[in-house]
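Notes for the one structure printed next.
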Amino acid sequence: MAYETIIVEIEDHIALMKLNRPEAMNALSETLLSELAQALTEAQKNDKVRCIVITGSDKAFAAGADIKMMSEKSFADVFAGDLFTPETEQIMRVRKPIIAAVSGYALGGGCELAMMCDFIICSDTAKFGQPEINLGVVAGIGGTQRLTRLVGKSKAMDMNLTGRFMEAEEAERSGLVSRVVPAKKLMEEAMSAAEKIAEKSMITTMVVKEAVNRSYETTLREGLLFERRVFHSLFATDDQKEGMNAFLEKRSAQFRDR
Ligand code: HXC
């Protein structure tokens, strides 16, 4: 399917989704967010796709929600229209792993979109920020919530109150990103991580995603019980037998998602 604001390529079990509004630093318009949500839903349904990578350009992953689009809207418009809610809820329903490959600016909604992904690999040029306060608003899709869980209260307050940008090195040190690589290597690194994930049993990768995300939603005791029970349940799969037998037979496992 052809989109206006994103480019989607599916190759070797990986769906690569490139945000493509270069004239606006990939600012998240309603069209872009809804096309991305639609493409992710399609990728979820497509049996060939086993992992998803979302990226932007060298200059910008995304510089936030589209300020031009938002500037004239009233409270009634955004509240009654529930701006950004359907798209973000659709994105959160995707069960396959999603990697954000971030280069350049990931600001406001751009930083929040990256945090909605399962993990972030960034280039050494990446700059993260929640500068909404400079526009007289606050983060709206996770910048006060996911960021706080990722980097702690002090840095989340700092970023949201001052609107300052965080460089890649600090982002890695703070736990916002999982890896920092030289800009030229970003896509190679992200695609190779996606390929590694695509080799696993998809039942298991989806269980991992669900279990890690559960840790945000529940107490430790409940989370541990959930983890133990899904661990137990995986013994009902062929892939558990295959994975363990392959190890014992000193060969690579051939998972069938069964
Ligand atoms: C609309 C944007 C934009 C945005 C950049 N552009 N960010 N358009 N919405 N968020 C446009 C500029 O208007 C300009 O268009 C072109 O992209 C290039 O940007 P410049 O500012 O000229 O580039 P530069 O000087 O290199 O500065 C880059 C920048 C700056 C630091 C990223 O553009 C910037 O501060 N952008 C806004 C960042 C921000 O406040 N984000 C939060 C948005 S609110 P023209 O036509 O002039 O060439 C938000 C709310 C989230 O995200 C809540 C729910 C999603």
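The values are calculated or read from the model by the stated rules, or taken from the named source; none is laboratory data. Since the structure is predicted, the reported quantities are computational estimates derived from the model, not experimental observations. Positions of Cβ are backbone-derived with ideal geometry, glycine not excepted, and every protein chain shown enters the neighbour counts.
Could you go through region 18-32 and let me know if any residue there is away from the ligand (no atom under 16 Å from the Cβ), closer than 27 Å to Gln130 by Cα and not small (Gly, Ala, Ser). Yes. Remark: pairs (first residue in region 16-43, outside any helix (DSSP H, G or I); second residue small (Gly, Ala, Ser) and away from the ligand (no atom under 12 Å from the Cβ); Cβ separation under 6 Å; 6+ apart in sequence or on different chains) = Met17/Ala39.
Restricting attention to region 220-240, the residues that are surrounded by 11 or more Cβ atoms within 10 Å (Cβ to Cβ) and in contact with a helix residue (DSSP H, G or I) (Cβ under 9 Å, 6 or more places away or on another chain) add up to 11.
When Asp58, Asp47 are checked against the criterion of being of a type in the set (Asp, Glu), within 15 Å of the ligand (Cβ to nearest atom), in a loop (DSSP other than H, G, I, E, B) and more than 15 Å from Asn160 (Cβ to Cβ), Asp58 stands alone in meeting it. Considering (1) surrounded by 17 or more Cβ atoms within 10 Å (Cβ to Cβ); (2) assigned to a loop (DSSP other than H, G, I, E, B), the lone condition that Asp82 does not fulfil carries the number (1). Filtering region 30-48 for residues that are within 15 Å of the chain's Cα centre (by Cα), surrounded by fewer than 16 Cβ atoms within 10 Å (Cβ to Cβ) and among the hydroxyl-bearing types (Ser, Thr, Tyr) leaves a non-empty set.
Residues in region 71-124 that are on the phi > 0 side of the Ramachandran plot and of a type in the set (Asp, Glu): how many? Final tally of qualifying residues: 1. Starting from residues that are of a type in the set (S, T, N, Q) and not in a strand (DSSP E or B), keep the ones in region 109-161 and report whichever is farthest from Thr85 (Cα to Cα). Filtering first and then ranking leaves Thr125. Selection within region 222-258: residues that are more than 24 Å from His13 (Cβ to Cβ) and part of a loop (DSSP other than H, G, I, E, B). The member of this set that is farthest from the chain's Cα centre (by Cα) is Glu249. Among the conditions (1) surrounded by fewer than 19 Cβ atoms within 10 Å (Cβ to Cβ); (2) part of a helix (DSSP H, G or I), Lys73 misses just one, which is (2). Of all residues in region 1-25, those that are exposed (fewer than 11 other Cβ atoms within 10 Å of the Cβ) and under 12 Å from Lys59 (Cα atoms) total 1.
For the condition surrounded by fewer than 18 Cβ atoms within 10 Å (Cβ to Cβ) and closer than 30 Å to His13 by Cβ, what is the one hit in Glu189, Glu217, Glu167?
On the way: Glu189 fails: surrounded by fewer than 18 Cβ atoms within 10 Å (Cβ to Cβ); Glu167 fails: closer than 30 Å to His13 by Cβ.
After ruling out the rest, the residue left standing is Glu217.
Of all the numbered requirements in (1) surrounded by fewer than 17 Cβ atoms within 10 Å (Cβ to Cβ); (2) in contact with a Leu (Cβ under 8 Å, 6 or more places away or on another chain); (3) of a type in the set (Lys, Arg); (4) touching a residue at least 40 places away in the same chain (Cβ under 8 Å), Lys127 misses one, and that requirement is (1). Looking at Ser201, Ser174, Ser215, just one residue is farther than 18 Å from Ile98 by Cβ, touching a helix residue (DSSP H, G or I) at 6+ places or on another chain (Cβ under 8 Å) and modelled with pLDDT of 95 or more, and that residue is Ser174.
In the condition set (1) more than 10 Å from the ligand (Cβ to nearest atom); (2) surrounded by fewer than 17 Cβ atoms within 10 Å (Cβ to Cβ); (3) closer than 21 Å to Ile133 by Cα, Ala114 is compliant with all but (2). Does region 39-56 include one or more residues that are in contact with a helix residue (DSSP H, G or I) (Cβ under 8 Å, 6 or more places away or on another chain), of a type outside the set (Val, Ile, Thr) and more than 27 Å from Pro131 (Cβ to Cβ)? Within region 39-56, one or more residues are in contact with a helix residue (DSSP H, G or I) (Cβ under 8 Å, 6 or more places away or on another chain), of a type outside the set (Val, Ile, Thr) and more than 27 Å from Pro131 (Cβ to Cβ).
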